[in-house]
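Colleague: Mind looking over this structure? Questions follow.
Please treat every number below as a calculation from the coordinates, not as lab data. Note that the coordinates shown come from a computational prediction; the quantities given were computed from them, not determined experimentally. Note: ideal-geometry Cβ built from the backbone for every residue, glycine included; neighbour counts use all protein chains shown.
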Amino acid sequence: MATRQREKAEKFGKERDKRPTAIAKYIRIPSDKIGIVLDVIRGKDYETAVAILRNTNKSASPVILKLINSAASNAENNLNMAKDNLYVAECWAMAGPTLKRMMPRARGRADRILKRTSHIRVILDEKREEKSVKIAPKTVKKEQKSEVKPVKTTPKPVVKTSAEKPLASKPNAAKKPLGEKKAPAAKGGAK
């Protein structure tokens, strides 16, 4: 029996995630409100995530900022990683236990108040430098190369509708200078 447990412990030790992690439990904020802030910083590098959290006006921001700083300190002290090379690889919030409270209402009744809690986990990781692979340009044989001559096209004539034609071409339009008004006709007529 003990050998099996030892084997399990060794297997767990080998497969354990070696990335810097920080966990905060029993935070008195609902997990869906925390998730809004976590979605913003997921995948961002450490400095950018810290700057976003400092300028985000949400109740979860200070808690997550403290958690990210803790994970970065774990990376620096325990795993000898530089903070400049870290990014937020994974982060999520799970629902914790809910505190049930009662609120008195009319006629001796009571309503339940649910005060939700959350568990937050943040995992940082180092940025990997990708090797750039240069692909040689394809060579085209002279025999395969064929010249394509451009085809000349003539522009189509634009047909103007009566609404688009200038004012002078309309038959009933009288030319008047702008700003002048017609003199009002005298009332009652001339005697």
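Colleague: Filter Lys8/Lys83; Lys33/Lys127; Lys18/Lys83; Lys8/Lys44; Lys14/Lys44; Lys66/Lys100 down to the pairs with a C-alpha to C-alpha distance above 24 Å, please.
Modeller: Lys8/Lys83; Lys33/Lys127; Lys8/Lys44; Lys14/Lys44; Lys66/Lys100, as the Cα separations exceed 24 Å there.
Colleague: Turning to a different aspect of this structure: Can you compute the radius of gyration and Dmax for the stretch 20-126, using only the Cα atoms, both in Å?
Modeller: 17.0, 64
Colleague: Please give, to one decimal in nm, the separation of the simple spin-label points placed at Met102 and Lys33, each 7 Å out from Cα toward the Cβ.
Modeller: Computed distance between label sites Met102 and Lys33 equals 2.5 nm.
Colleague: Follow-up question, since we're still on this one. Averaging over every viewing direction, what projected area does the convex hull of the Cα atoms of the stretch 1-70 cover, in nm²?
Modeller: For the stretch 1-70, averaging the hull's shadow over all directions gives 6.6 nm².
Colleague: Amide H of Asp125 versus every other amide H placed in the peptide plane: which residues, excluding those fewer than 5 positions away on the same chain, fall under 5 Å?
Modeller: Under 5 Å from the amide H of Asp125 lie the amide H atoms of Tyr87, Ala89, each far enough along the sequence or on another chain.
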